[in-house]
Amino acid sequence: MLGGISIWQLLIVLGIIILIFGTKKLRNVGTDLGGAVKGFKKAMHEEEKDGDKKDADQPQAKVSHEEAGNTYDVQAEEKRAAEAEESRPVDSNQERK
């Protein structure tokens, strides 16, 4: 069965888990896990239904690239700033410090 684990070994592990955590805590964990799975399935089905309605009601959108795209080159800006720093006249008082 499960990679060489027998039913008796599984029952022993289950018994140890029950002794450690207790039946009430395990029941709460099972209830929470079941509720989470049900909520996830319900949300997935609602999303599929909403997606189908939206797709059917709205025509496909057209994309146009008429706006001029502005690009920003960070490396060029850093290079300009470094060149401006180097070309700036050095104050003799700062040089002594």
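Scanning segment 14-27 for residues that are open to solvent by less than 80 Å² (accessible area, probe 1.4 Å) and assigned to a helix (DSSP H, G or I) turns up Gly15, Ile17, Ile18, Leu26.
For segment 72-92, indicate whether the set of residues that are closer than 30 Å to Leu14 by Cα and either modelled with pLDDT under 75 or open to solvent by 80 Å² or more (accessible area, probe 1.4 Å) (or both) is non-empty.
no
For Asp57, the test of being open to solvent by less than 90 Å² (accessible area, probe 1.4 Å) and either modelled with pLDDT under 90 or of a type in the set (Lys, Arg) (or both) is failed. Of all the residues in segment 26-48, those that are closer than 30 Å to Val13 by Cα and of a type in the set (Asp, Glu) number 1.
The values are calculated or read from the model by the stated rules, or taken from the named source; none is laboratory data. Owing to the predicted nature of the structure, the values given are computational and were not obtained by experimental measurement. Each accessible area value is taken on the protein alone, full model and side chains, heavy atoms only, with ligands, DNA and RNA left out. Shrake-Rupley method; radii C 1.70, N 1.55, O 1.52, S 1.80 Å.
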